[in-house]
Amino acid sequence: CADVIDVGALDDPTISIKNGKCISCGLCTSSCPTNAIIETNSIPAVLSSLVNNETDSFLIVDPSVIVSINDAFTANKSYGIECSEKIVGAAKMLGFKHVFDNRIANDFISLEMTEELIKRINLNSSLPMINSNCPAVINDIEKTIRELIPNLSAIKPPQHILARAIRKTFQKIKQEHIFIVHLTSCVTSKAQIKRMQLANDIDAALTAREFIQLINSFGIDWDTVK
């Protein structure tokens, strides 16, 4: 935390890390040798939605996981291979009704951010513009470099834009029966979905590690997933 990302939240003598310098980047959860620090577990909430017959569960797959998940299953010795279709197959086996690729939402925000940047250039206002997709960057700016807050883009992160599009497209389903999960490599997404500006878009953020744990818990053979 101090040596790599220059934050030093773990140097806090209290146990209340989140209230101090921590930007929730999650690097410590992958570095801690004893698993004393882990991400907030989203599996119970996801399982609850999957077993609820009245709930339609949606999965938004972030491009950051479409290689790493395959790499976790070393039995097939196939590293560095894009596995988005297998992720869809495994998600359907777990009980997700619909699976979406978040890359289409990245196209949406590219157009929106281009328009926003042009307006800022014309007005010579708050430049350079900083992409607001990464919640850890936002946390860092809000906690330590507050003078850069006006430089953050006003465009929502892609998965939240896609989640709103899903809720609008599936209006025939009662909103309380829609459960949207974001599959991501970003631990900070767990905190991001609870931000006031983004609340009620996404119901749970599931890390690649948790998705792999679900696959193993259900006894799904990754090599034979269609």
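The values are calculated or read from the model by the stated rules, or taken from the named source; none is laboratory data. Keep in mind it's a predicted model, so treat the numbers as computed, not measured. No Cβ is skipped: glycine too gets one built from the backbone with ideal geometry, and neighbour counts run over all protein chains shown. When the accessible area is computed, the model is the full protein with side chains, heavy atoms only, and any ligands, DNA or RNA have been set aside. Shrake-Rupley method; radii C 1.70, N 1.55, O 1.52, S 1.80 Å.
Residue by residue, here is whether (1) open to solvent by less than 50 Å² (accessible area, probe 1.4 Å); (2) part of a helix (DSSP H, G or I) holds:
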| position | (1), (2) |
| --- | --- |
| Pro128 | no, no |
| Ile138 | yes, yes |
| Ile141 | yes, yes |
| Pro150 | no, yes |
| Ala154 | no, no |
| Leu162 | yes, yes |
| Ile166 | yes, yes |
| Phe179 | yes, no |
Check your understanding: Scanning for something open to solvent by 60 Å² or more (accessible area, probe 1.4 Å), outside any helix (DSSP H, G or I) and farther than 23 Å from Val88 by Cα, does the range 197-205 turn up at least one residue?
Key -> yes
Point to revise | Test for Ile66: is it under 17 Å from Val225 (Cα atoms) and in contact with a Ser or Thr (Cβ under 7 Å, 6 or more places away or on another chain) | key: yes
Check your understanding: Of the residues Gly89, Gly26, which is touching a residue at least 24 places away in the same chain (Cβ under 8 Å), surrounded by 15 or more Cβ atoms within 10 Å (Cβ to Cβ) and on the phi > 0 side of the Ramachandran plot?
Key -> Gly26
Practice item. Look through the range 92-110, keep the residues that are free of Cβ contacts under 8 Å to residues at least 40 places away in the same chain and not acidic (Asp, Glu), and return whichever of them is surrounded by the fewest Cβ atoms within 10 Å (Cβ to Cβ). Key: Ser110
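Limited to the range 168-192, what total is found for residues that are closer than 27 Å to Asp71 by Cα and not small (Gly, Ala, Ser)?
Looking only at the range 168-192, we keep the residues that are closer than 27 Å to Asp71 by Cα, and these are 180-192.
Subsequent filtering for residues that are not small (Gly, Ala, Ser) retains 180-184, 186-188, 190, 192.
Within the range 168-192, residues that are closer than 27 Å to Asp71 by Cα and not small (Gly, Ala, Ser) number 10.
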Point to revise | Residue check for Thr34: open to solvent by less than 30 Å² (accessible area, probe 1.4 Å), farther than 30 Å from Ile173 by Cβ and either in contact (Cβ under 8 Å) with a residue 12 or more places away in the chain or assigned to a loop (DSSP other than H, G, I, E, B) (or both) | key: no
Review point. Scanning for something among the acidic types (Asp, Glu) and either under 13 Å from the mean Cα position of the chain (by Cα) or under 22 Å from Arg103 (Cα atoms) (or both), does the range 203-213 turn up at least one residue?
Key: yes
